[in-house]
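Trainee: A single structure is presented below for examination.
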Amino acid sequence: MRVLLRCDSSKAQGLGHVVRTMAVAEAALAAGWDVVFSGDVESAMGRELVEARCPVRHPRPDSAEDLVQLAREAEADVVHIDTYAEQGEARALLNEAGILLSSMEDGPFGRRPADLAVDPSPAAETRYRPADGSHRLLRGAAAIPIRGAIRALPTASPRPADAEPGKPNMMIVMGGTDARDMTARCLGWWAQTGIPSRCYVVSAVRPE
């Protein structure tokens, strides 16, 4: 079996689509499948994640028709899409070619008809999803794709060596790209509280 993974990463889109897709790639590889990747990835971290798992990579297709053509050339059995961008009649065209479509969505964002629709957003399984012809649904916490490196982390982290007794610690992390530039804002709001505490910031760019 071979799966064509389709997603992008940019400052505006963030890195989450690539991170989730690489968790899918790991699961496919563990099952003995071949993986092929297609997309534009601007982030250095994103490219590193992709290159470690997907030896075959292709540029982003410009249309559903181009996606189907790429899937055929790659001899894919399944196409997995993780993007909010419109994909036209991707499922119908892929099915005509004998290829299944797996599609990641976040509530209404990225929602499209698919053979398998996956929504890992919180409490997705408790919300109504309008029927759109999708064959199977996988929703909620059970559908969260998590990379092996994260699963291997200890469940409890030791306190930082410089932690002070009685003083709370907090961490600010806004994803791989901080698509909305929220790190500096959150750091400012923390400072404004005036609460004696220590703040750790995880960011690719040092806040001004």
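The values are calculated or read from the model by the stated rules, or taken from the named source; none is laboratory data. Treat the numbers as computed from the prediction; the structure is a model and nothing was measured. Cβ sites come from the backbone with ideal geometry, for glycine too, and all protein chains shown count toward neighbours. Quick note on the areas: whole protein, heavy atoms, side chains included, nothing else; ligands and nucleic acids left out. Shrake-Rupley method; radii C 1.70, N 1.55, O 1.52, S 1.80 Å.
Trainee: Take the residues of the stretch 90-144 that are of a type in the set (Ser, Thr, Tyr) and assigned to a strand (DSSP E or B): which is nearest to the chain's Cα centre (by Cα)?
Mentor: 103
Trainee: Mind checking which residues of the stretch 1-44 are among the polar types (S, T, N, Q) and either farther than 25 Å from residue 178 by Cα or crowded, with 18+ Cβ neighbours inside 10 Å (or both)?
Mentor: 9, 13, 21, 38, 43
Trainee: Return the only residue of 98, 110, 148 being closer than 26 Å to residue 65 by Cα and surrounded by fewer than 16 Cβ atoms within 10 Å (Cβ to Cβ). Give the steps one after another, and end with the answer.
Mentor: Working: 110 fails: surrounded by fewer than 16 Cβ atoms within 10 Å (Cβ to Cβ); 148 fails: closer than 26 Å to residue 65 by Cα.
Exactly one residue qualifies, and that residue is 98.
Trainee: May I ask you to say which residue of 72, 47 is closer than 24 Å to residue 144 by Cβ, among the basic types (Lys, Arg) and either open to solvent by 60 Å² or more (accessible area, probe 1.4 Å) or touching a residue at least 60 places away in the same chain (Cβ under 8 Å) (or both)? Please lay out each step first, then the result.
Mentor: Details: 72 fails: closer than 24 Å to residue 144 by Cβ.
Every option except 47 fails the conditions.
Trainee: Exactly one of (1) modelled with pLDDT under 70; (2) out of contact with any Ser or Thr (no Cβ under 6 Å at 6 or more places or on another chain); (3) within 21 Å of residue 10 (Cα to Cα) is unmet by residue 202. Its number?
Mentor: All conditions pass for residue 202, except number (1).
Trainee: If you scan the stretch 29-50, which residues turn out to be on the phi < 0 side of the Ramachandran plot, more than 15 Å from the chain's Cα centre (by Cα) and modelled with pLDDT of 95 or more?
Mentor: The answer is 29, 30, 31, 33, 34, 35, 36.
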